[in-house]
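Engineer: Here it is, the structure in full.
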Amino acid sequence: MARPRRRKSGRRRIGRVSIYPHHGSWWIYYRSGGTQVRKSVAANEATAERIAAEVNAQLTAEAPTLFSFQPISVAELQREFIDHHELVLRSSLATVSRYRSATQHLVAFNEVHSGLKSAHELQAEAFVRHLRTIRVSPNGHAASRRRPLRDKGIRFILDTCRAMYGFAARQRRLPPYAENPFAGLGGKRMRIEDSKRIFLFDEQLEIAFLRAADDWAFPLHFVLAKTGLRPGELVHALIKDVDFERGLLRVTNKSELGWRVKTRRERQIPLLPEVCSVLRRVIGNRAAGPLFLRPALLTLRQRWQTAGLARLIRAAEQAVAAAEQRAGGALARTEIARLHREIWRDAGAMRIDQVRKSFIAVAESCGFDGATCPKSWRHTFATLLQEANVDPLIRQLTMGHAPSFGPESALGMTAMYTHTRWSTQQREIDRALRQWPASLLLARQWAEGETGC
């Protein structure tokens with residue numbers, strides 16, 4: 001009697017890996033470290049062959065396979081993610097701090113739900129519901145009244161967590177083919193319904209604010225209003241950055257002193273003659289040092305108050321070298337940043353917080369509801385340029401925003417082939433800012449000492 005014919009299983013070998021169909025999908029089988037591994041990998045044979053070839057190459061090279069992963073806790077994942085930005089990518093300290101604060105919400109959530117032993121067990125939607133219930137202190141000030149997280153804050157937290165889980169997947173810390181639990185959460189599609197209102201000045205509000213400012217605050221906020229500088233850029237501006245002959249202010253990185261422009265893009269900003277006059281009175285007979293001094297230092301001489309950039313750099317290098325000698329090794333970036341801040345302080349530079357407090361104090365004296373951030377001057381400056389129909393490339397150049405090249409950008413490849421002449425930039429900025437002449441007249445009077453603001 002003839003034996004019954006065996007059905008072909010469809011199993012094939014690709015090196016040390018087998019592939020075979022099973023229950024409507026294709027599976028792979030191999031041994032790794034004495035352990036049998038069976039995985040459903042694809043819906044068709046061609047994809048299964050490709051995956052099997054990749055796994056076989058990894059087995060041959062004795063490397064971790066596509067399907068091997070090491071579980072990790074949320075707290076450990078956060079540490080690895082922050083260390084990656086700190087030590088590998090060398091992200092700015094401000095960026096590292098923001099990422100740490102954002103992911104700390106996830107660590108705290110995981111601690112409350114202690115049943116989650118590994119990061120891949122997280123239920124992202126439950127975390128989002130948790131974020132909607134917590135209350136935080138704005139700007140990290142413990143004494144301020146706590147409020148719910150705004151939609152923008154939640155979106156940033158979710159975007160950061162999505163990036164952290166993407167990092168985990170690349171490091172083989174998630175199960176193979178596991179989706180990022182934060183995929184589809186956050187991002188630009190998330191509706192922002194409770195964003196803080198941006199306070200914009202008009203000509204009447206601007207002149208009222210400047211009239212209410214004292215002799216220290218007036219030039220500070222006038223320069224912010226007429227240059228569009230970020231507060232941090234003004235705080236770290238030196239006298240040498242101003243060129244009165246050409247009528248410009250250079251915004252430059254000062255890496256040796258621990259400060260860089262937000263976008264790392266150095267630029268030149270045209271200065272109106274009225275701004276130059278105000279800055280001449282601010283500088284007085286000083287030849288070097290910070291452009292603006294702290295209020296208490298206008299009559300008090302500090303150690304490095306009149307030091308130039310080269311001298312400040314030498315002082316910073318000596319301070320770091322002395323600290324490393326005491327510590328017996330290299331310093332962490334946070335410790336070096338602290339030493340750099342001390343150099344700026346000894347030079348008499350303001351803190352950004354002083355600019356903010358000054359802005360709030362003057363705005364409250366004027367009864368401006370909702371004016372709590374000096375960045376309102378930058379928003380107003382950009383809006384004024386737009387209302388004057390200043391070319392978008394000139395606005396981008398003056399504001400120091402990173403350019404967006406390529407066919408998908410607003411101006412496409414045109415932006416790459418357009419080079420703005422300095423005379424054109426000066427003319428356009430001057431034309432736009434002279435739409436509001438009242439504050440310029442007030443500035444001329446203040447520079448000449450005809451009025452005390």
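The values are calculated or read from the model by the stated rules, or taken from the named source; none is laboratory data. All values derive from a computational prediction rather than experimental measurement. Every residue, glycine as well, gets a Cβ built from its backbone with ideal geometry; the counts of neighbours run over all protein chains shown. To get the accessible areas, we keep the full protein, side chains included, count just its heavy atoms, and leave off ligands, DNA and RNA. Shrake-Rupley method; radii C 1.70, N 1.55, O 1.52, S 1.80 Å.
Engineer: For region 62-81: of the residues being at pLDDT 80 or above and either among the acidic types (Asp, Glu) or more than 17 Å from Arg173 (Cα to Cα) (or both), which is least open to solvent (accessible area, probe 1.4 Å)?
Structural biologist: The selected residue is Glu80.
Engineer: Looking only at region 6-27, filter to residues that are open to solvent by 100 Å² or more (accessible area, probe 1.4 Å) and modelled with pLDDT of 85 or more; which one of those is farthest from the chain's Cα centre (by Cα)?
Structural biologist: My answer is Arg11.
Engineer: Within region 249-265, work out how many residues are free of Cβ contacts under 8 Å to residues at least 60 places away in the same chain, surrounded by fewer than 19 Cβ atoms within 10 Å (Cβ to Cβ) and of a type outside the set (S, T, N, Q).
Structural biologist: The total comes to 2.
Engineer: For residues that are of a type outside the set (Phe, Trp, Tyr) and closer than 19 Å to Gly348 by Cβ, scanning just region 198-220, find the one that is surrounded by the most Cβ atoms within 10 Å (Cβ to Cβ).
Structural biologist: For region 198-220, the residue satisfying everything is Leu220.
Engineer: Suppose we filter Leu309, Leu291, Leu297 for residues that are open to solvent by less than 80 Å² (accessible area, probe 1.4 Å) and at pLDDT 90 or above; which single one remains?
Structural biologist: Leu291
Engineer: Would region 182-194 turn up any residue that is among the aromatic types (Phe, Trp, Tyr) and either under 17 Å from Ser358 (Cβ atoms) or surrounded by 18 or more Cβ atoms within 10 Å (Cβ to Cβ) (or both)?
Structural biologist: yes
Engineer: Which members of region 58-67 meet the condition of being touching a residue at least 24 places away in the same chain (Cβ under 8 Å) and either assigned to a helix (DSSP H, G or I) or of a type in the set (D, E, K, R) (or both)?
Structural biologist: Listed by number, the residues that qualify are Leu59, Thr60.
Engineer: A further question follows. Within region 203-222, can one find any residue that is small (Gly, Ala, Ser) and in contact with a Phe, Trp or Tyr (Cβ under 6 Å, 6 or more places away or on another chain)?
Structural biologist: Taking every residue of region 203-222 in turn, none turns out to be small (Gly, Ala, Ser) and in contact with a Phe, Trp or Tyr (Cβ under 6 Å, 6 or more places away or on another chain).
Here's the yes/no breakdown for (1) under 29 Å from the mean Cα position of the chain (by Cα); (2) β-branched (Val, Ile, Thr); (3) assigned to a helix (DSSP H, G or I); (4) modelled with pLDDT of 95 or more:
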| residue | (1), (2), (3), (4) |
| --- | --- |
| Glu179 | yes, no, no, no |
| Leu185 | yes, no, no, no |
| Met190 | yes, no, no, no |
| Asp214 | no, no, no, no |
| Leu224 | yes, no, yes, yes |
| Thr263 | yes, yes, no, no |
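Engineer: Which of the residues spanning region 28-44 are over 14 Å from Val17 (Cα atoms) and surrounded by 14 or more Cβ atoms within 10 Å (Cβ to Cβ)?
Structural biologist: Within region 28-44, Ala42 is the sole residue that qualifies.
Engineer: Looking at Asp369, Asp353 in this structure, which one is surrounded by fewer than 20 Cβ atoms within 10 Å (Cβ to Cβ), without any contact (Cβ under 8 Å) to a residue 40 or more places away in the chain and part of a loop (DSSP other than H, G, I, E, B)?
Structural biologist: Answer to the check: Asp369.
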